[in-house]
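Engineer: Questions regarding the structure given below will be posed in turn.
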Amino acid sequence: MADSSGLTIRNRRRKRLRYHPALLAVSAALAACSNDDREARRNAAGPQPSLERLMAVASPAAGGRLFRQCMACHTIGQGAPNGAGPNRYAVFGRPIAADPTYGYTHALKSLGGIWDPKRLDAWLAAPSKVAPGTKMAFAGFDDPLDRADMIAYLKSQSGARDQ
Ligand code: HEC
């Protein structure tokens, strides 16, 4: 009797431990959500800010929160498998459509160049305008600060690649 209840408690504890890291990640994301200093950052960037100015105030944490919108199709962890879209680890600063494990559309492959902030900004605003015929079914972010935050996040997940 004592034995079996002891076992139950141990099992329960093990289960709780398994979910614990995920819960921590969620609460960290929520904390970032309630306090990403959006208006202060927008003011610091000034009126009609250039991409450079926005990048100077961009928040990788806020971008990480926005990345939830990408997770239906993309993973971000190093070496994580492709989803409907390619894994996004280290895409920042990499040539466009360069993941050999992923079958890109001709529309994307024919673009050329690398994913620098300017190209990513245009892509995240409207993928289908940058590469008509792309299979990335994402409407885009209207807010330039969202795009800058996302670029900062992708950069932070690039294995310290600079550009
Ligand atoms: C509905 C699925 C879907 C969503 C949501 C989505 N993507 Fe994609 N993404 C794709 C697909 C599919 C491709 C490959 C496009 C092609 O080959 O035309 C792609 C390609 C890309 C590329 C270029 C890949 C490369 O290796 O050159 C980037 C960068 C990218 N996505 C970023 C994002 C970000 C950031 C988000 C979230 C804001 C996002 N995507 C949301 C499906 C999606």
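Just so it is clear, none of the values below were taken in a lab; they were calculated from the coordinates. Computed from a prediction, not measured in an experiment: that's the story for all the values here. Because the Cβ atoms are built from the backbone with ideal geometry, glycine has one as well, and the counts that use them run over all protein chains shown.
Engineer: Which value in nm describes the separation of the simple spin-label points at residue 38 and residue 72, placed 7 Å from the Cα toward the beta carbon?
Structural biologist: Taking the two extended label points, one gets 2.0 nm.
Engineer: Something else now. Assign one of three labels to the stretch 58-163, namely rounded, prolate or oblate, based on the Cα gyration tensor with a ≥ b ≥ c the square roots of its eigenvalues; rounded applies when a/c is under 1.5, prolate when it is not and a/b is larger than b/c, and oblate otherwise.
Structural biologist: rounded
Engineer: Please report 120, 111 as a ranked list, fewest other C-beta atoms within 10 angstrom at the top and most at the bottom.
Structural biologist: So the residues, fewest neighbours to most, are 111, 120.
Engineer: Let me ask you something else. I'd like the Karplus ³J(HN,Hα) series for the stretch 142-152: coefficients 6.51, -1.76, 1.60, θ = phi - 60°, whole numbers in Hz, and an x wherever there's a Gly or Pro.
Structural biologist: So the J values, rounded to whole Hz, are 6, 7, x, 5, 4, 5, 5, 4, 5, 5, 4.
Engineer: Considering lysine pairs in the stretch 38-156 that are 8 or more places apart or on different chains, how many have Cα atoms under 15 Å apart?
Structural biologist: Eligible lysine pairs with Cα atoms under 15 Å apart amount to 4.
Engineer: Roughly how far apart, in whole Å, are the Cα centres of the stretch 124-163 and the stretch 37-58?
Structural biologist: 17 Å
Engineer: Once amide H atoms are built 1.01 Å from N in the peptide plane, which residues 5 or more positions from residue 114, or in another chain, come under 5 Å H to H?
Structural biologist: Amide H to amide H, under 5 Å and 5 or more residues apart or across chains, residue 114 pairs with 96.
Engineer: Taking amide hydrogens as modeled 1.01 Å from N in the peptide plane, which residues meet the under 5 Å criterion relative to residue 91, leaving out close sequence neighbours?
Structural biologist: none
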